[in-house]
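Below you'll find the structure, written out as structure tokens, and then a few comments.
The values are calculated or read from the model by the stated rules, or taken from the named source; none is laboratory data. Just so it is clear, the structure is predicted and the values come from calculations on it, not from any experiment. Note that we place each Cβ from the backbone using ideal geometry, even for glycine, and neighbour counts take in every protein chain shown.
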Amino acid sequence: MEHFSIILALLRAALKEPSPAVTSHAGRLLAALRKDGQDEQAAQLAKLLERGGQAGRMQPSRVVLSRAALPGEAITPSVRPPVDKETGASLADITLPAMLELIEPPVLNSALRGSVEALIEEWRHLDRLRAMGIRPPLNCLLFGAPGTGKTKLAQLVSREIGLPLVTARLDGLISSYLGTTARNISALFSFANRYQCVLLLDEFDAIAKVRDDPHEVGEIKRVVNTLLQCLDQRSEIGITIAITNHEQLLDSAIWRRFDIRVAVPKPDLESRVDIVNRYVAPLDVSLAERRFLAWLTEGLTGSEIETLANAIKRAAAMSSNADFSALEALKVHALLSANHRQHPRWEQLLGPLETLAATLAADRELAFTQEDLARFFGKDQSTISRWIRKHREVS
């Protein structure tokens, strides 16, 4: 369909506060796309409809930050990012609010989602805080394992407060020439301080390492000292979000500069179910299979679950509907992925089906019935019952 990306963007905006009419028309469009064989576009729309309710919970209102709350000029499409004076390399990427609308929000557990919503509300109403003599915290550090959605979370925050996102580019900032990295950091912060924006420092540990690291030369001290000065200056005038996968590498003085420090954990069971539902679409996977995927992926990040879902969809694409088995596809993926082989749940996946069925039946959080397990394993309920009794007798 021509201009489908525009239609999808309009629906994304409308579904943030969905009405029955919008949902109905979106469903009609989905049916028409499937009928016309537009599978890729249908998959995109199906994914949007599935996450519409969850995205709405993250966006209780569309109140954006008051322009008077922060100093500086507005960033327009004609504004260009700062560059390295010697190489001309860009020091940042600029993402305007309209483009942030196209970014898929992360799946967060309920506790973290509530905390993020509270932070967004504070940043939306900086003028209220200042009117009461409260110094609003404008520096936020996100840390956690790779693939947990930290960058998407920063993008979501920027979108929700209605400010452009200025993302630092490490390939432009870091230079082998003495003093150039520190100069580039100063230039980046000067640019961000001039405009109303959220400054995002991804892979923050690359420029904020401990200054007494014996493996680093004196240049890192110059860089960190410059960074400390820049953070202090910006703390009163602009919002800064830093992201790291290695918080233990950060200099202690850098750590103290952040009033808000948020640990982004690996997803819990509820979040894993949401992630599985998002990424297996448009594949027709039963509820029991989705819950099993959420159980199996304990300890995995959202990114790893997405990779797993893609592996299942590839297996489905390469087989006929008659012989496709999500369970068999998972076994193949486990054999091809050394990362999961030592995980106890993946070991059970590759072991006897009787043991796996008994383990799932005993899991109170999943609450699988024998009917669920019979459907999942492609057996009758009497067989599942016999497997469970046999396992109990052995145990």
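Go over the candidates 314, 290 one by one and state the one that is in a helix (DSSP H, G or I), in contact with a helix residue (DSSP H, G or I) (Cβ under 7 Å, 6 or more places away or on another chain) and free of Cβ contacts under 8 Å to residues at least 24 places away in the same chain.
290
Output the residue which, of all residues in segment 154-195 that are aromatic (Phe, Trp, Tyr) and touching a residue at least 60 places away in the same chain (Cβ under 8 Å), is nearest to residue 104 (Cα to Cα).
195
Check whether at least one residue in segment 81-88 is in the same structural domain as residue 178 (by TED's automatic domain parsing), within 27 Å of the chain's Cα centre (by Cα) and at pLDDT 90 or above, and report yes or no.
Yes, there is a match, as at least one residue in segment 81-88 is in the same structural domain as residue 178 (by TED's automatic domain parsing), within 27 Å of the chain's Cα centre (by Cα) and at pLDDT 90 or above.
Which condition does residue 190 not pass, out of (1) in contact with a Leu (Cβ under 9 Å, 6 or more places away or on another chain); (2) farther than 23 Å from residue 252 by Cα, if it passes all the others?
Of everything listed in (1) in contact with a Leu (Cβ under 9 Å, 6 or more places away or on another chain); (2) farther than 23 Å from residue 252 by Cα, residue 190 misses just condition (1).
Table: residues versus (1) under 21 Å from residue 375 (Cβ atoms); (2) at pLDDT 90 or above.
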{"site": "235", "(1), (2)": "no, yes"}
{"site": "240", "(1), (2)": "no, yes"}
{"site": "243", "(1), (2)": "no, yes"}
{"site": "254", "(1), (2)": "no, yes"}
{"site": "266", "(1), (2)": "no, yes"}
{"site": "307", "(1), (2)": "no, no"}
{"site": "311", "(1), (2)": "no, no"}
{"site": "315", "(1), (2)": "yes, no"}
{"site": "323", "(1), (2)": "yes, no"}
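Take the conditions assigned by TED's automatic domain parsing to the domain that holds residue 288 and part of a loop (DSSP other than H, G, I, E, B) and apply them to residue 376. Does it pass?
Spelling it out, it is not the case that residue 376 is assigned by TED's automatic domain parsing to the domain that holds residue 288 and part of a loop (DSSP other than H, G, I, E, B).
Checking the structure you have, find out if any residue of segment 153-168 is surrounded by fewer than 17 Cβ atoms within 10 Å (Cβ to Cβ), farther than 22 Å from residue 121 by Cα and not polar (S, T, N, Q).
no
Only one residue in 210, 157, 198, 224 is under 23 Å from residue 255 (Cβ atoms) and in contact with a Ser or Thr (Cβ under 6 Å, 6 or more places away or on another chain), so which one is that?
198
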